[in-house]
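What follows draws every value from the coordinates through simple rules; no lab data is involved. Values in this document were obtained by computation on a predicted structure and should not be read as measured data. Cβ placement follows ideal geometry from the backbone for every residue including glycine, while neighbour counts extend to all protein chains displayed.
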Amino acid sequence: MYVHDLDCSWMRHPFTVNQFKIVKQGQIHEIKKAGIREFYIDTEKGVDVEGIAVVVEVDERDDIKSLHPDTSKDPSEKLPVNELPNVTQVKQDATCVVSNIMEDARLGKLIALDHIEPVIANIVFSALGDKDTLLGLMRIRELDKYTFEHAVGVSILLVAFGESLALSESELIQLGIGGLLMDIGKAATPAQILSKPGKLTEDEFAIVRKHVLQGKDILENTPNISETVMQIVTEHHERFDGSGYPAGKTGDDISLYGQMAAIVDVYDALTVSRVYCSGISPNAALKKLVALGGEFNQELVQQFIHCVGIYPIGSLVALSNGLFATVIEQGEKGLLYPVIRVVFDSTKRRFITPRDVNLSDQRGKEIVKIVGAVEPGKWNINPTDFMDLCS
């Protein structure tokens, strides 16, 4: 048979295309595994079904409707974990895709969007199902893959940010693609400058700044690139007060997607350790975004804080009982009541057997509160060692 329409959003199935011919049993297994029980077939391109009425025409409005989240569902309801893509594999796939497209760009090859979109679909699906897991995964980084890891981190954050703003699935896909391609122009930046273990000179920084327009040039030759992706690539270094580059745009002359990308780009860069500097805590990075004031749309910054939480996943926090904990999930009662993993006794200055506490639900227990964020470096603690997201 020839599948004409799987009758579900393409986020919900494992195939890179919506229309294809069934040629092996494995495809049927994947359809069943995705929970699909009925779909449309094209009887002119494949075998018909005997004895069953076939719908000849497909209402195209169904396809349009599937691009938007189902508003009948509780937005706080998470998909079962066994229905989510393997988040570790999603991250690995995304990092591999960025590596490949950067190499293609260096060689002057066209960017293959069809290789990017399935990976972004999984990122979007994960964000819609369990945003906390995906944001937590972003906190586990490798120091020697900064350019690739930064692209993946920005992509994940942009999708999560967009999901919190109730953007449609189609918009989330474009945000994810824009995040992965945001620094594609750095393919033309000399490697010795990108990997320099120290502060750049003015001349070197001027070369790095060219990556925005170089990225624009690369993507203008890429078929089917959306305006959203172009806005992210060309505007992520613009600043709300006009102090950015390359065009010195101000205020709402910068698109919503460009403003979002600027916030996410700086947040991710601040929290990642590199060869020449240590990253700061997620909480400190949020404070920095607020302190930078007019450089960013502060209303949008506040919305970003609501997205990642006052104490973002991966933060190290101090509790009212003298213990330290890693934030592993946002809570049900609000930004100040996340799910935490208690790992360290600051009074005895020693690690303890980890235990999880949901600050939103402490009935009949010792009531503890977060009293502030802790800079992990001062205590030689790596919060992500206790997140267990890859198990």
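Data for the structure
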read-out	value
Cα-based convex hull volume of the range 273-364 per residue, rounded to whole Å³	130
Cβ-based exposure ranking for Thr326, Thr271, Thr228, in which fewest neighbours within 10 Å come first	Thr228, Thr271, Thr326
Extension gain (nm, one decimal) between Arg106 and Thr201, 0.36 nm per residue minus Cα-Cα	31.8 nm
Net dipole in debye of the range 255-391 [+1 Lys, Arg Cβ; -1 Asp, Glu Cβ; about Cα centre; nearest 20]	540
